[in-house]
Every structure is written in structure tokens, then in C-alpha cells.
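Working notes, structure below.
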Amino acid sequence: MDFTTPSGRNPIDQLIVVGRPATRVDGPLKVTGTAPYAYERHEVVANQAYGYVVGATIAKGRIARIDTAAAKAAPGVVTVITTLDYKAAEKNPLRQTAKLFGGAEVAHYHQAVALVVAQTFEEARAAAFLVKVDYETAPGKFDLAAEAPDAPPSVDPNEGEDAEVYDRVGDFDAAFAAAPVKLDETYTTPDETHAMMEPHASIAAWDGDRVTVWTSQQMVHWAKAALATTLDIPEEKVRVESPYIGGGFGSKLYLRADALLAALGAKAAGRPVKVTLQRPLIINNGTHRAATIQRIRLGATPDGRLTAIGHVNISGNLPGGMPEAGIAPTKLFYAAPNREIYLKLAALDLGEANDMRAPGEAPGLMALEMAMDEMAEKLGIDPVEFRVLNDTQADPRNPQRPFSERHLVECLRTGAEHFGWSKRSKTPGAVRDGKWLVGMGMAAGIRLNLLMPSAARIRLEPDGRLTVETDMTDIGTGAYTILAQTAAEMMGVPIGAVTVKLGDSAFPQSAGSGGQWGANTSTSGLYAACVKLREAVAARLGFNAADAEFADGKVTSGNRSIALAEAAKNGPLTGEDGITFGDLDKKYVQATFAAQFAEVGVNSFTGETRVRRMLAVVDAGRVLNPTTARSQVIGGMTMGVGAALMEALAVDTRHGCFVNHDLGGYEVPVHADIPHQEVIFLDHPDVKSSPMKAKGIGEIGLCGVAAAVANAVYNATGVRVRNYPITLEKHFTALPRTA
Ligand code: MOS
């Protein structure tokens, strides 16, 4: 099904199942520990051996030699493979930079240099410490601030390789110089890590020249393609299964060393091998969100109209890697006739920087939305009103390109009303509650709605049950549930009559889970498959497909009504199709919006910040399932509190690594850090996004949150901290006197 014109009314609009709260169909498996994760797939293949990854202990240089004799002689060891045994793997074309294994060159700390395979995990681990690696160390660049002045401008990876580097409209320099009210500030965000619960893990087994990998991957077909390229075998010889995933946040978008090493190790060992990246290895071996240095310049008239917006975002990555596109939100968010927005990219020899939840928007809004708060204060205008004043209904670069749906103003007004924004003190540092300085802050969020082709298959069984198959993944988001709801709505049965099977590359290729495109596009692919199945059912029962109605387990047309199961009584019926998208995302900007509000208390003695309550108002098209959608948003809000107050990888600029490379050292919010959270969804189905009229939900919940918390801290204390995270030592000495 090619989606090229805005959707008219269709069976989803009945909203008998879709759009209603439903608990997770995979919930019982999750809470009983019976949803098998990759490392626990003990039953899929016999005789599994354990691999333990040896990571490089230098950040840059070459390996002169590796001595594996002692490791090979250790108890239980099956085999040891080293990076010197393989030629450097081809660079995977799928937005991936670091070479995962092969060759003598070390490009970053904890790059995999060997895999020890043994009978047990403990034997593999013990032997791994006997592998001796001689390095020739080379100097590297590890300090973004030091490299920033010479960083060259870079194309925005989201615009395509041929795009202009500079997003320029009007005459920024002249307009900024002439602006009656100006802001010129620099904000920094740190390197962050995904810190998902389930580590990267894979089991690989060869059958002749075919390999099966049971793994934890957000994008099954990308993993399959990347494995084929890297192993230099045809794609049809690779099977990937990833049915349950314990979090990803972007860390599992691309092939990582666990899957490759499991495949290579299994080949060398002549038996199946399982590999997890040990937790202390993940942060330097895997990908991270790059730190940013962002200069924002805003010019405005005294009545609060922005006349000039300038945003330069500097980040670093391995040579050949992509920048963190912190400018992404600024391109589209606010009207201003004069604009200059661009990226700079420094070459650094830290591990690979790559996508993490709301890549670009999340760190970009941390800067932009703090700048907007500062500018509102300079202008003496309420921060909510300042944003309303500068709303735009079209792409600021092209007035001919409207937003498909944009209800940011409604988000802002609804949120202000609901949160009690009018009670906020305009004077910062003025509200006390015992030892606490109390403040309110807000920020706005935007994140693109991306469209990806997605296919699915649905089968009506003779007993009337439906089985859905697609290589879509559920990374903890609720994909199983919304797919079951979609099939149930389309075929007129209860959710319980639908079985959803996901994450197998043998199934039709889906959109996968990334960029918050999964929910809207994977359900649309299933919608297309259901249309095909409805046609097959109608044909089998002798109905005209166009006027047959599917409801209550029956197919009805005129005064004839037949049980759905009848259609399959002589054998299953299958519908298979996919959705592809035309140019509705070129003609219209498709995006999701949020207004984020936070109230914090800052301890006037210690500077410690405690979030007291939070509210998000979200405009993301039709909400397919309010329960799972809310979970996505409160998860994003929680992550935003982490970004505002605690999350940061500490860079060792001498040795070139992230020092706090485990969950003990990398702080994320825990339950005790998170207060009352509330989410309001606006109901604006988007007929230009898909037949589901839904949009992305997985990332908008994070967008703007950190700035809302930061702005609340400022409102509480009167001390502006522009370098995230806002840990207590950054404003402790500047707090108002307590006595
Ligand atoms: Mo997302 S950063 O595309 O998993």
C-alpha cells in the first residue's frame, strides 16, 4: 500500500480497540521472567559455549602482538580469537563508524581485541585475563573543548550528504546587530550513555555456511544486512532473531561487537557461542551521545518577536563519524526572518558517538529552551507567552511547507492552566519552603515524525484466531500490544484473539524500532496486511470487500452475517502487505510537540535539587494506546531529569576513555528521584502521517524536559547554570545566603 494522499475515514477510526487503554499483551511474560532475552535463549541451540570479550586498554595506536598461549591452555578454554586473525571488517554503511573487530589498529578504548571462548562464563573470564596484548600507543584527541576552536563546519546528517552546511535565511548578522534585545550565550551538554538494562548480547550458531544470531537489536533487517556485509556472506545466509529487548534507546540500532564476535567465535569454535558485552565494557566499546558546545544568539523586538536566531552546535566523533545534530529543533521551532544555524564536528578518538533517544533534539533543546527562558526574562515576558508569540505554522525556511498538524500553542496553554503556572514567582530565588528554595520552570519540545516503510503478514487460523508476523521489535515500548490492537480493530475481534510474533528476520521486513517511527509505521504496515486479509476473507465468503463490515467476530454485509472463523474452516487465510510513503513528509513538516513543566526544590544549604512534580502535554497525533503511550512519555520525562541533574560520562583526557563506565558510576534517576508525573495527550489525529493517523511518541517525551527542570532550578535559585548536568557544586557557592 502506497500512502501518498491524506487518509480518509477507515476502519481504524471506529476506535473500538485502538485508542483505548490496553495493558501489555507481553506483560505476563515480563513479570514472570518468562520473556526470553538474548543471553537466556538456552533452548534455541544445544552445546552453547561462552565468549568473553577482551577490550583494548589504550585509546589509540596499534597492536604489536597478542600472546594467547596461556589463555588457550587455561581450564575449559575452547578457542581464542584475536583481532590480528582477521582483516579489518568493512565499514558498515548503516550510519556506523567504528570498526568492530579485525586488524591491528586501535581506534578507541575498549575496542574488542580478542574473544576467549570456554565451556563456562567463569572459565572464559578467567582465561581472558591471561591474554597478553602488546600495544604501540599513539597520541589521540580526547578533549572536545580543546578541539572545538578548529572544528570544521559539517553537514547535518539528517539532511542528506549533499545538503547545504549552513541553514541561512535572511541576514542574520545584520538583524542580530540591530536587534533591540539580544542574547548571546553558550551552553554545554555532556557525553551520555544509553544505560539500558539489558546489555548487548548474542548467541550465534552456524549450519554449514548459514548463521543464525539470537540477539538484542532494535532494527532486525539492519542487523542482518550489517552482519552479511561484515562477515562477507550473502544476506540470505543470515538469520536474526530479536523477539524481546530490555531497552535500547538507540544503543541497539546498529550491529555491535557482541553479535559479530559470537558469529566469528562460533565459526572458530565449531559450536554455538554466546557473547554479552560485559557491563564495564559497554560504555567505551559501544556508542554514546556526544557532548555538545552550543552557542545560541537570539535577537528580538521589545514586544517579544524574534528577529534573529543563530545556533552553532559543536560535537566530536571518531574520524568519519556523524555530528550530534543539536540544531535540529532550532531549524523548525520558532519564527524569525533572519537565521543562521549550523553544525561543527571535531575529530576525537573517544568511542563512537551515535544516536541516543531523540538524537539532535534532546541536547539541542537543552540549550535552545534555556536560551528562550533567558530571553523571556530579558524581555520581561512570561516564558509561555514568549513561545506563543513566536510560534510558526510553516517551515521557517519555506513558507510553502506547512506543518501537517502543529498544536504547540495548545500544549503550552493547556499545560500552563493545568500546572498552575500563574502561581510561579516572576522573581527568581523568592520562594522558600523551609530549607528548600522552590521554583517552577517550563520548556517546549519538538521532534520529527519520521516515516519508514514497514511490512507484515496476518493469518486467520481455522479456529478463528489471528497470527501477526513482522520483524518489528518491541524494545519495552508496547509494540506487541499496539500491533494486537491494530489487528483486532481491523478484523473485528478482541485483542485476546490475536497472537503477535515479532523480531525474526524470516518475517516480513518492518520499520523496526528507532527514531520514534516504530509505532506509527509498523501498525500502518499491519493495517495494509489486514486490508489484504479482509479482501481474502470477503472473497472466500462471497462478500464484496468494499462494503463488508468486520465486527464482533463476524463479517456482515447487508442482511448476511457470517462468523469470521468460517472463512478459514478449510485452511488458513493470509494477508501480507506493507506500507510505503510518498512525499507527504516533504510537502508538510511532520513533527510532534510537547510542553514540559517542572517544579523543583533546591536545598538552600547543600544545593541539591529535588524534582517535586512534572507535567507533559503532548501533541503526537492519534494516541494508539493511552497506557503504553503514557509509559513512553513518563520514561522520557525520567530520562530528562537524568539529563538535567545527573547524567554525564566523565572523560579522562589523558587516557582517552569514559571513566565512569558502569551503572555504579554513571548516575541515572531511580524511583526515589522521580516525583508525581502527569501526562496529557491532545487529540489531533494526523491524516497526513499514515492510515493510523498516529505519530511518534517514544522520543517527544524527553524533548524539552531537561530545560524545563533547569529553568525551574533557575527560578528557584536565581543562579543560571549553563553547563549540564546541574549538579550541586556548579551553583552551590552562588546560592542566596541562608542566614
Ligand atoms: Mo532511537 S536514538 O532512533 O533508538
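Throughout, read-outs are computed from the coordinates displayed, never taken from laboratory work. Note that the coordinates shown come from a computational prediction; the quantities given were computed from them, not determined experimentally. Please note: Cβ atoms are built from the backbone with ideal geometry, for glycine as well, and neighbour counts cover all protein chains shown.
Please report Ile81, Ile446 as a ranked list, fewest other C-beta atoms within 10 angstrom at the top and most at the bottom.
Fewest-to-most ranking of Ile81, Ile446: Ile81, Ile446.
Show me the ranking of peptides 646-656, 355-365 by mean Cβ neighbours inside 10 Å, starting with the highest.
355-365, 646-656
Nearest 0.05, what FRET efficiency do Lys378 and Asn723 give at R0 = 25 Å with Cβ-Cβ as r?
After rounding, the FRET efficiency stands at 0.80.
What does the convex hull of the Cα atoms come to per residue for segment 218-331, in Å³?
Normalising the Cα hull of segment 218-331 by residue number yields 175 Å³.
Two decimals is fine: what's Rg over Rh for segment 13-101, C-alpha atoms, Kirkwood radius as Rh?
Dividing the radius of gyration by the Kirkwood radius yields 1.18.
Would you kindly state how much longer the chain becomes between Asp209 and Ala73 on full extension, computed as 0.36 nm times their sequence separation minus their alpha carbon distance, in nm to one decimal?
So the extension gain works out to 46.0 nm.
Where does the charge balance sit around Ile446 when Lys and Arg score +1, Asp and Glu -1, over other residues with C-beta under 13 Å from its C-beta?
Summing Lys and Arg as +1 and Asp and Glu as -1 gives -2.
Looking at the calculated P(r) for segment 441-527, what percent of the C-alpha pair distances fall above 14 Å?
61
Remind me, relative contact order of segment 544-624 in percent, using alpha carbon pairs under 8 angstrom and six or more residues apart?
Dividing the mean separation by the residue count of segment 544-624 yields 18 percent.
So how far apart, in nm, are the two label points at Asp232 and Glu385 if each is 7 Å from Cα heading toward Cβ?
About 6.8 nm separates the two model spin labels.
In Å, what Rg and Dmax follow from the Cα atoms of segment 502-635?
Rg, Dmax (Cα atoms, Å): 22.8, 78.
May I ask you to derive the relative contact order of segment 531-581, considering only C-alpha pairs under 8 Å and at least 6 residues apart, and to give it as an integer percent?
That works out to 39 percent.
Please work out, to two decimal places, the log10 of the ratio I(q)/I(0) at q = 0.21 Å⁻¹ from a Debye calculation in which every Cα of segment 463-571 carries one identical scatterer.
Taking Cα atoms of segment 463-571 as identical point scatterers yields -1.06.
How high is the relative contact order of the chain, in percent, with contacts defined as C-alpha pairs under 8 Å that are six or more residues apart?
17
What would the Debye equation give as log₁₀ I(q)/I(0) for segment 357-485 at q = 0.10, 0.12, 0.15 Å⁻¹, counting only Cα atoms as equal point scatterers?
Cα-only, vacuum Debye calculation for segment 357-485: -0.57, -0.73, -0.93.
What percentage of all Cα-Cα pairs in the chain are separated by more than 43 Å?
I get 29 percent for the Cα pairs in the chain exceeding 43 Å.
Describe numerically, in nm with one decimal, the distance between label points set 7 Å from Cα along Cα→Cβ at Asp143 and at Val659.
Spacing of the two 7 Å Cα→Cβ label points: 1.4 nm.
Applying a 10 Å radius around every beta-carbon, put 374-387, 693-706 in order of their mean neighbour count, most first.
My ranking of the peptides, most packed first, is 693-706, 374-387.
Along the charge dipole of the chain, pointing to its positive end and built from +1/-1 on Cβ of Lys, Arg, Asp and Glu, which listed residue (Ile314, Ala107, Met442) has its Cα farthest out?
Checked the options; the winner is Met442.
So if R0 is 30 Å, what FRET efficiency would Arg613 and Phe732 give, r being the distance between their Cβ atoms, rounded to the nearest 0.05?
Efficiency at R0 = 30 Å is approximately 0.80.
What is the spread of the Cα atoms of segment 295-342 along each of their three principal axes, largest first, in whole Å?
45, 17, 12
Among 512-520, 218-226, how do they line up from the highest to the lowest mean number of other beta-carbon atoms within 10 Å?
Averaged packing, sorted descending, gives the order 512-520, 218-226.
Translational diffusion coefficient, Stokes-Einstein: compute it for segment 121-234 using the Kirkwood radius over C-alpha pairs as Rh, at 10 °C and 1.306 mPa s, and state it as an integer in µm² s⁻¹.
74
Using the Kirkwood radius over C-alpha pairs as Rh, can you work out the diffusion coefficient of segment 564-667 via Stokes-Einstein at 25 °C, viscosity 0.890 mPa s, in µm² per second?
126
State which entries of Lys532/Lys695; Lys87/Lys132; Lys72/Lys99; Lys554/Lys688; Lys99/Lys695 exceed 27 angstrom in Cα-Cα distance in the structure shown.
Pairs exceeding 27 Å: Lys554/Lys688; Lys99/Lys695.
For segment 615-655 and segment 229-249, what is the centre-to-centre distance using only Cα atoms, to the nearest Å?
Using only Cα atoms to place each centre, the spacing works out to 27 Å.
Using r as the Cβ-Cβ distance of Ala539 and Thr627, and R0 as 60 Å, what FRET efficiency do you calculate, to the nearest 0.05?
Plugging the Cβ-Cβ distance into 1/(1 + (r/R0)^6) gives 0.95.
Evaluate segment 58-141: find the radius of gyration of its Cα atoms, find its Kirkwood radius, and give the ratio Rg to Rh.
1.01
Which number do you get for Rg(Cα) / (2.2 N^0.38 Å) in segment 662-707?
1.70
Sort Ser422, Ser631 so that the residue with the fewest other Cβ atoms within 10 Å of its own Cβ comes first and the one with the most comes last.
Fewest-to-most Cβ neighbours within 10 Å comes out as Ser422, Ser631.
Could you please rank Leu183, Leu728, placing first whichever residue has the fewest other Cβ atoms within 10 Å of its Cβ?
Fewest to most other Cβ atoms nearby, the residues stand as Leu728, Leu183.
Which residues among segment 475-500 fall inside the zone where the amide N is under 13 Å from a point 7 Å beyond the Cα of Glu549, along Cα→Cβ?
Residues 492 fall inside that zone.
Please report, largest first and rounded to whole Å, the three semi-axes of the ellipsoid equivalent to segment 407-473, where each semi-axis is the square root of five times an eigenvalue of the C-alpha gyration tensor.
With the √(5λ) rule applied to segment 407-473, the semi-axes are 50, 16, 13 Å.
Just list whichever of Lys30/Lys587; Lys182/Lys426; Lys141/Lys586 have alpha carbons separated by over 30 Å in the model shown.
Lys30/Lys587; Lys141/Lys586
Which value results when the Cα radius of gyration for segment 606-739 is divided by 2.2 N^0.38 Å?
Scaled against compact globular proteins, the figure is 1.27.
Once the cut-off is 14 Å, how many percent of the Cα-Cα pairs in segment 265-313 end up in the long-distance tail?
Taking all Cα-Cα pairs of segment 265-313, the fraction more than 14 Å apart is 73 percent.
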